[in-house]
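A short worksheet on the structure shown next.
The values are calculated or read from the model by the stated rules, or taken from the named source; none is laboratory data. The model shown is predicted, which means the values in this text are computed figures rather than measured ones. Cβ coordinates were reconstructed from backbone atoms using ideal geometry, including for glycine residues, and neighbour counts include every protein chain displayed. What goes into the accessible areas is simple: the full protein's heavy atoms, side chains included, and nothing from ligands, DNA or RNA. Shrake-Rupley method; radii C 1.70, N 1.55, O 1.52, S 1.80 Å.
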Amino acid sequence: MRICSAPPETKLFRASWIATLALASLTFSTSSHAQESNGSLEFKRCHIQSSAIEIDAECATLQRLENPDDENSRLIDLSVIKLPSSASEPEPDAFTLIQGGPGGSSIDMAISYRQALDFIRSKRDIIVVDQRGTGRSNKLSCPQPEETPTISFDRAQTQALTQECLSELSGHDLRYYTTSVAVQDLEAVRQAAGYEQLTVYGVSYGTRVAQHYLRRFPERTRAIIIDGVVDIGLNLAGAEIARRSQDAFDAMTARCEQTASCKRQFGDIDQKFKELRAQLADQPVDVELPHPSTGNLVAHTVSEVDLLAVVRFLPYATETTALLPMIIARAYDGDYIPLAAQGISTVESLSDEFATGMHNSVVCAEDAPFVKPGAASDTANTYFGSDMIDAIATTCETWPRGAIDDDFTQAFDSDKPVLILSGETDPITPPENGQRAAEMFSNSKHLIVPSHGHGVLARGCVPYLLRDFIENADLESLKTDCIERERAMPFFIDAAGPEA
């Protein structure tokens, strides 16, 4: 199972396991002008692979100063790919997309959504850069814990993992892996690739990058599409993730209660979750099972961490939400294998794809310093409690605080068209975030896709809507009634699937 996007925001298994379930001094100001690139990018035909998927592309590397304001700073390589248009004369602008996390690879995302992107390539090129510190662009990876923790948050453990990560990344200036620096990189890529403008799509944390690029470079922005919105000023280090995760869990249990087959088969899922969590916190369970990826028999200790990871991330998609009541009920009844398999799959997916160091640099500069006093009290009635806030705060006590622009958290408007997408059941960036963005941008349209969760780029007719919007950059002519056909996946009542 692949978990896409990240919240935000939100994925920090290496530096602090519980903070991963969250997404999770002086302030530097960067220049509003992009650092000049070293000339045109030289694209060469290449094959790009993510997991088992490989695509043809054109690849290039752009060197950038790690510290944009210091000419003597070390150089880092940004990995750039181009998916050329099939048109004989492509439009002079290009489309780009930005992954969430923070810490995910935009290039890997482009590979995953290659079919949806084909609609866009009929008229214009697609150009994608892995944001500095992620993917193939000087990825800031941290050592993995030797053993999976069996408890949700441990301050001493988080401190030790953070120090281990800082030691691993000691050769990098971690202050310069923030959004404010990343948009300068994106503009340098645009210049070096020779495009007049960019249409920018961002998902989750990527919506923060897209909006800030629009703020910094309005004349170079043709339009933006923000999907699963982190609206300006939203804080990812406070109570937000815990509250939204609880809201999603409550919505799932309420829907099960109102669905005759789910209620009959599984009973009170909320109560079973609470009792199961208490049991696993008190006494983790050792099991053997086929590894969900390799099929090899492995030993695994099922703990509270597995349960929280599954409850945290499966609501990202309607298909995996449909599994949750069954997984919880079966574990409650003593069959821990489905929970163990999903826990292993979730943790390994995040660990393989996610750049913890970059995530820390973003959150510790852009969110943690601005958490409101008493924010922990807003998490009192959530299943995470204050663990996320405590874990991120502990990590950021020693993580170098990086550069953000002076106006970074300030609302702004633009005359550029802004298409806003929200999943109705998004467990981390709900539609109300999109509504706040719509109120900020006067030239915007907000679409809520029924029954779907986090990131709706490839859902239903959305690829066709994006094709039409990108072709004309016109919100008024966009026909959007097709999204009303979307429906939720019915709950599985057993391994065979939903009730017939």
Determine, yes or no, whether ALA116 is at pLDDT below 50, at negative phi and not in a loop (DSSP other than H, G, I, E, B).
no
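Okay, residues lined up against (1) closer than 28 Å to ALA254 by Cβ; (2) crowded, with 17+ Cβ neighbours inside 10 Å:
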residue	(1), (2)
HIS454	yes, yes
VAL462	yes, yes
LEU465	no, yes
GLU471	no, no
ALA495	yes, no
Does any residue of the range 302-317 turn out to be modelled with pLDDT of 95 or more, more than 25 Å from ALA488 (Cα to Cα) and in a strand (DSSP E or B)?
yes
Kindly evaluate GLU348 against the criterion of being at pLDDT 95 or above and of a type in the set (D, E, K, R).
no
Of (1) out of contact with any Ser or Thr (no Cβ under 8 Å at 6 or more places or on another chain); (2) closer than 30 Å to PRO400 by Cβ; (3) of a type outside the set (Gly, Ala, Ser), PRO338 satisfies all except one. Which?
(2)
Where in the range 325-438 are the helices (runs of 4 or more DSSP H), entirely inside, with at least 3 residues that are under 16 Å from the mean Cα position of the chain (by Cα)?
337-353, 356-366
Could you please let me know if GLY402 is in contact with a strand residue (DSSP E or B) (Cβ under 9 Å, 6 or more places away or on another chain) and either over 26 Å from ARG255 (Cβ atoms) or acidic (Asp, Glu) (or both)?
yes
Being open to solvent by less than 40 Å² (accessible area, probe 1.4 Å), among the charged types (D, E, K, R) and more than 30 Å from SER170 (Cα to Cα), is that true of even one residue in the range 402-423?
yes
Those residues of the range 264-313 that are open to solvent by 40 Å² or more (accessible area, probe 1.4 Å), basic (Lys, Arg) and under 27 Å from the mean Cα position of the chain (by Cα) come to a total of 1
Can you name every residue in the range 193-213 that is of a type in the set (A, V, I, L, M, F, W, C) and surrounded by 24 or more Cβ atoms within 10 Å (Cβ to Cβ)?
LEU198, VAL200, VAL203, VAL209, ALA210
Qualifying positions in the range 214-233 - open to solvent by 10 Å² or more (accessible area, probe 1.4 Å) and either more than 14 Å from PHE412 (Cα to Cα) or assigned to a helix (DSSP H, G or I) (or both)
ARG215, ARG216, PRO218, GLU219, ARG220, ARG222
Quick one: in the range 76-87, of everything that is more than 25 Å from the chain's Cα centre (by Cα) and open to solvent by less than 90 Å² (accessible area, probe 1.4 Å), which residue is farthest from SER180 (Cα to Cα)?
ALA87
